[in-house]
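**Q** Shown below is the structure under consideration.
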Amino acid sequence: MTVDSITEQCVDGRREALSDTDLAQGLVAGDEECLTAAYHRWGTLVHTLAGRSLGGDTREAEDVTQQVFLAAWQGRQGYRPERGAFVGWLVGITRRKIADALSARTRRTDLIAAAGALLGPVDDTRGRPETVLDRVLLRGELARLPAPQRRVLHLAFYEDLTQPQIAQRTGWPLGTVKSHSRRGLHQLRRGLRAQAAP
């Protein structure tokens, strides 16, 4: 079957008639319609695997599913049929994206714990003015950081990016990203301690 005939079947809505091999061939050849067909065929499997591994977090499972198919599209030239079925290749990508999501959770938890430690013991009465003041102080100290440090901490905390991902996003060397992160956290700690001093 030629790539043109595969594309024609994908476009005509006859994607169910395509074999897994033909569908993979069309996707690897760069046919976006075959990417859509692959998503329809295997999206539920990927979502189910992600949901189970992430403790049933539907939103996070949806994010992972999108990341898997985006990664499959971007890395489609890396698929080798002789190494196994296309669905197995997708499952491998799924496992890596699940691991990334779990790592991001850990980073988020660590950053929250670090920020909490900087602010001292947390009072369970969230509506108290002191708690609001703490958040305002933290935002104020973040705003005082030099722009590169503030950007690195923002990307790590709010966008859940790893340091290598931040380096890729910013175009900075990994060592520079690590330095900005370390200096930013130290400066944040010093500023918050100064604010807390009587």
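**Q** Could you derive backbone 3J(HN,Hα) for the stretch 25-32 from the dihedral phi with the Karplus parameters 6.51, -1.76 and 1.60 (θ = phi - 60°), listing whole Hz in sequence and x where the residue is Gly or Pro?
**A** Values, residue by residue: 4, x, 5, 4, 6, x, 8, 5 Hz.
**Q** Using r as the Cβ-Cβ distance of Glu62 and Thr162, and R0 as 22 Å, what FRET efficiency do you calculate, to the nearest 0.05? Intermediate values should be presented prior to the final figure.
**A** Working: r = 21 Å, r/R0 = 0.94.
Efficiency computed from Cβ-Cβ geometry: 0.60.
Values quoted throughout were computed directly from the atomic coordinates according to the rules given, and no laboratory measurement underlies them. This structure is a prediction, so every number in the text was calculated from the model and none was measured. Cβ: placed from backbone, ideal geometry, glycine included. Neighbour counts: every protein chain shown.
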